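Below is one structure; the comments refer to it alone.
The values are calculated or read from the model by the stated rules, or taken from the named source; none is laboratory data. All of these numbers come straight from a predicted model, not from anything done at the bench. In this analysis, Cβ positions are derived from the backbone assuming ideal geometry, glycine residues included, and neighbour counts consider all displayed protein chains.
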Amino acid sequence: MKRPQSYMRILPAAALGLVLGACASMGRPQGGERDFDPPRFVRSNPAPGSVNVDRSRIIINFDENIQLDDPMNKIVVSPAQKNTPQISGVGHRVSIELRDSLIPNTTYTVDFTDAIKDLNEGNLLDGFSFDFSTGPEIDTLSISGMVFQAENLEPAQGMLVGVYSNLSDTAIRTLPFERITKTNQLGQFTVRNLKPGTYRIYAINDVNRDFHWDRSEDVAFFDTTLTPTAVLAQHTDTVFSANGDVDSVFTHTVTEFKPDNVLLTWFNENYKAQYLMDRARPEANRITMNMGAPSDTLPLLRMLGGSRHGESIERWAVLNSSPTRDTLEYWITDSAVIRQDTILLEARYLRTDTLDRLSWTTDTLVMNLRGKKRDRKNETERATKGKNDGDTATVPEVPLMKVTVSSHGSVDVYAPIALTFERPLSRLDTSAVHLEILEDSTWYEVERPAFRPLSALDLLHYVAPYEWEPGQKYRFTVDSLGMTDIYGVNSGTISEEFTVKNLNEYANLSLAVTGLDGRPAVAELLSRQDAPVRRVPVIDGHAVFSNITPGDYFARLFIDANGNGKYDTGILDSIQPEEVYYYPKKIALKKNWDVDQTWDINELPIDQQKPMEIKKNKPKNSTGPQEDEYEDDQYYDEFGNPAVDPDDPFGKRKGKNRDSNYNRNTSFGGGGLNGNSGFGTGGRMRGGGVYR
């Protein structure tokens, strides 16, 4: 008995010595190797795959401390629950409390996607799910695939994927999904525990959490119905020794669940309810109206009271509108109306009713001039000056009309001249417009640029394409009375000098495209922000980008199914969005270089095409190049449309193969984000076929 007592006395002293020694040491504490393994399932109550379960509380234990990442959004239960389950993770344990009554003879699945990770290192347990049945049998079939954004092939992270055995087209609009899951960080999904049968499959972003689609939500659909199956297959595995040599090769039988290569590409129908969003009178001579959606029909407005009682607004104001007629700006030309503090308007316009139909409605709009003090005496004096034509008088006189000319300094060889006016233009005298070129210190007049409005209802922006001589200096002038606004005010003399860049300052790129099979296509050159800077049609299998500012670029292509030269979205259960492909490498263009590249759009599977450098939805544990700051240059495409924002010539801005998967056919244990892609290079099923 004494010997143990002596040890007991020695241990505290030794411990104290260790503590003091540790305090004296300034070195880094030595730990073990970093843990790269995700948490492992240990046990649960009820056990996985249990039948005849009648309890709503589920406890799952793991081999280490875990944490749940955004469980409210990432973890889903099938069948879809009306009342949100209570889910928590403490220590090694996850607790789930189902608040809906259990449905008899039903297989339940708790799908964690990538919500579980270990507490210390954050290693993800991806693809983990737990199932049980309230009846004597458990359903085991599944459908797997991937979801991407149709327009740019970004993986859809956390998107709800669901199926219906009800094959009616109206099910997605009215009924909750029968079985659901969510996509992981790579856009991958598996809808588990399906009964034998035929299904329709969809993906939605489900903003209001009602488990079916509403018209404003993003959606993806598969053209044909799917019938899940389970088949036995022979798999060959290789075992390697510690030094990397092949130790043994063996074959074993596994169960494969099909289909496992469904590709869904989400889009938005861009549906917007039509209504009057807002209206204002920011200035005495200007009324603005913003509609909720684009329209081909303008509202009908007429004055109530005042000197213009009963008259349509077209009689006393000029309209400047966006091309889609949803942003309206009325410039008042009658000085008597301008002087009114309050303008009453009867407005008849199309509005979306409760049945989602457009119908005419009538409102009375009170347009007050707010936030500005009125000086009636000075306004009256200024309003009487200038041109007076019958019932129409000019607004307060200003010295000159402000005009902004886009061309100055150094100008790109393909850039048009663009003019922006402070107020709507009423007259442009082409004989007052001059363009000169400098040769041997002498200015020589050349062909005048022909200006046109940017759109039929846009009176503030005019553009004139021109074929410039590279490297030459030009002078653009407009005589003092050459341009007049709707109030009779001219612009004064305008003069701008600029130099056109030399061709040796640019690069040229030609892409020889294969795999189109005769389909029309449009190619886009992209910045490092994945934004288009030039757009050209593919002609005879070639996309040619001329006069490109040197830099690093990327490229994508879309199948222009309707031949309109722009990308078009889809319509649910009717039209798929136009197909998109990415050139898988960065394209470096240098000054005075001509670059020729071949591009087989089917060489790589869709999920491996988009270069990692421009991919935004990257897995959290992936490493890759950081996005650099990049300033887009101003470009114009071969259709005559400007780049960056292809509808605005005024410059307003609106990889390598990687292994990516998770264990889609295992209910628990899950793979990671670093395994072999289960989608391989064999293509994806899209619309009943294979889309690679």
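Being among the basic types (Lys, Arg) and in a loop (DSSP other than H, G, I, E, B) is true for just one of Arg302, Arg325. Which residue is that?
Arg325
Of all residues being surrounded by fewer than 17 Cβ atoms within 10 Å (Cβ to Cβ) and within 39 Å of the chain's Cα centre (by Cα) in region 397-418, which is nearest to Arg534 (Cα to Cα)? Just the residue, please.
This residue is Ser410.
Quick one: Ile60 ticks every box in (1) outside any loop (DSSP other than H, G, I, E, B); (2) out of contact with any strand residue (DSSP E or B) (no Cβ under 8 Å at 6 or more places or on another chain) except a single one, so which number is it?
(2)
If you take the residues of region 35-57 that are hydrophobic (A, V, I, L, M, F, W, C) and out of contact with any strand residue (DSSP E or B) (no Cβ under 7 Å at 6 or more places or on another chain), which of them is farthest from Asn123 (Cα to Cα)?
In this case the residue turns out to be Ala47.
All but one of (1) surrounded by fewer than 19 Cβ atoms within 10 Å (Cβ to Cβ); (2) over 22 Å from Asn268 (Cβ atoms); (3) under 17 Å from the mean Cα position of the chain (by Cα) hold for Ile539; which doesn't?
(3)
Looking at region 473-518, which of its residues are among the aliphatic types (A, V, I, L, M) and either closer than 28 Å to Lys402 by Cα or in a strand (DSSP E or B) (or both)?
Val478, Leu481, Met483, Ile486, Val489, Ile494, Val500, Ala507, Leu509, Leu511, Ala512, Val513
For region 507-520, check the following and say yes or no: at least one residue is among the acidic types (Asp, Glu) and touching a strand residue (DSSP E or B) at 6+ places or on another chain (Cβ under 9 Å).
No, every residue in region 507-520 fails to be among the acidic types (Asp, Glu) and touching a strand residue (DSSP E or B) at 6+ places or on another chain (Cβ under 9 Å).
Taking region 332-348 on its own, how many of its residues are out of contact with any strand residue (DSSP E or B) (no Cβ under 6 Å at 6 or more places or on another chain) and farther than 27 Å from Leu425 by Cα?
0
Do the conditions hold for Leu319, that is, is it assigned by TED's automatic domain parsing to the domain that holds Arg351, assigned to a loop (DSSP other than H, G, I, E, B), at pLDDT 95 or above and within 42 Å of the chain's Cα centre (by Cα)?
No, not satisfied.
Identify all residues within region 419-472 that are of a type in the set (S, T, N, Q), outside any strand (DSSP E or B) and over 32 Å from the mean Cα position of the chain (by Cα); write none if there are none.
Thr430, Ser431, Ser441, Gln472
Conditions tested, residue by residue: (1) modelled with pLDDT of 95 or more; (2) surrounded by fewer than 19 Cβ atoms within 10 Å (Cβ to Cβ); (3) over 25 Å from the mean Cα position of the chain (by Cα); (4) in a loop (DSSP other than H, G, I, E, B).
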site: Pro136; (1), (2), (3), (4): yes, yes, yes, yes
site: Ser142; (1), (2), (3), (4): yes, no, yes, no
site: Gly145; (1), (2), (3), (4): yes, no, no, no
site: Leu153; (1), (2), (3), (4): yes, no, no, yes
site: Leu167; (1), (2), (3), (4): yes, yes, yes, yes
site: Asn193; (1), (2), (3), (4): yes, no, yes, no
site: Pro196; (1), (2), (3), (4): yes, yes, yes, yes
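Checking Tyr108 against (1) in contact with a strand residue (DSSP E or B) (Cβ under 9 Å, 6 or more places away or on another chain); (2) at pLDDT below 95, which test does it fail?
(2)
Please work out if Arg215 is at pLDDT below 95 and surrounded by 13 or more Cβ atoms within 10 Å (Cβ to Cβ).
Against the criterion (at pLDDT below 95 and surrounded by 13 or more Cβ atoms within 10 Å (Cβ to Cβ)), Arg215 qualifies.
Only one of these is surrounded by 20 or more Cβ atoms within 10 Å (Cβ to Cβ) and either under 22 Å from Gln576 (Cα atoms) or within 26 Å of the chain's Cα centre (by Cα) (or both): Thr225, Thr181. Name it.
Thr181
Could we say that Asn602 is assigned to a loop (DSSP other than H, G, I, E, B) and closer than 28 Å to Ser216 by Cβ here?
No.
Examine region 30-38 for a residue that is surrounded by 14 or more Cβ atoms within 10 Å (Cβ to Cβ), at pLDDT below 95 and within 36 Å of the chain's Cα centre (by Cα), and state whether such a residue exists.
Scanning region 30-38 turns up at least one residue that is surrounded by 14 or more Cβ atoms within 10 Å (Cβ to Cβ), at pLDDT below 95 and within 36 Å of the chain's Cα centre (by Cα).
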